[in-house]
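Only the coordinates and a few stated rules stand behind these numbers; no lab work does. Please read all numbers here as calculations on a predicted model, not as lab measurements. As a convention, Cβ positions derive from the backbone with ideal geometry for all residues, glycine included, and neighbour counts pool all protein chains shown.
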């Protein structure tokens, strides 16, 4: 039997707490390997906004068709947010692999939210302005991906310590005191899960951005084998 697209182009799940440097490292990875990686396009039941196109920003769906796909176990993860349903389907990830690209799932577990980056061909700024935020519980998103047949690889990007993470979060100046404390509490849960669990194949400690990027890149590229 011929190998499936996701066996040849294995998806990569990158997770880590807010402030770990995921966005910066992924931006650099995509810039250095522009023809290698892709992001999946998520489903939503909300109405398209001006300038949005079906299949680009989102796969726009009716509530009935969305819930039918839920019943068919067609989603890696799904939830209701802001009165609308959002989800990333197994097919969306496989579609990226069918195009000969490796799908990257950026799973943001902080504050019980799962974030999937959405569009892989609009440029990085557009991608990160269109993140679908999905309600979930802690590390369940990673576990859900593990239970699929996507054959994904899992990497956790960790800050050197909670103390340094706190310095980074406060240095951004974007969070109030309550938010910083919540992020730190969630980061501890995530870091403990990554260290003691059996899901993440690789843990990279971001104590130096260039060093961490090279370590992530080396693991992802895998001497040109990309984990296959």
Among 36, 44, which comes first, second and so on when ranked by fewest other beta-carbon atoms within 10 Å?
-> 36, 44
Percentage, to the nearest whole number, of Cα pairs in the stretch 1-61 over 17 Å apart | 62 percent
Along each of its three principal axes, how wide is the spread of alpha-carbon positions in the stretch 1-107, in whole angstrom units, largest first?
-> 43, 39, 28
Footprinting proxy, 191, 1: sorted fewest to most Cβ within 10 Å, the residues are 1, 191
Enter the Cα centre distance for the pair the stretch 150-224 and the stretch 43-63, rounded to the nearest angstrom.
-> 31 Å
By its C-alpha gyration tensor, with a ≥ b ≥ c as the square roots of the eigenvalues, how is the stretch 186-228 shaped: rounded for a/c under 1.5, else prolate for a/b larger than b/c, else oblate?
-> oblate
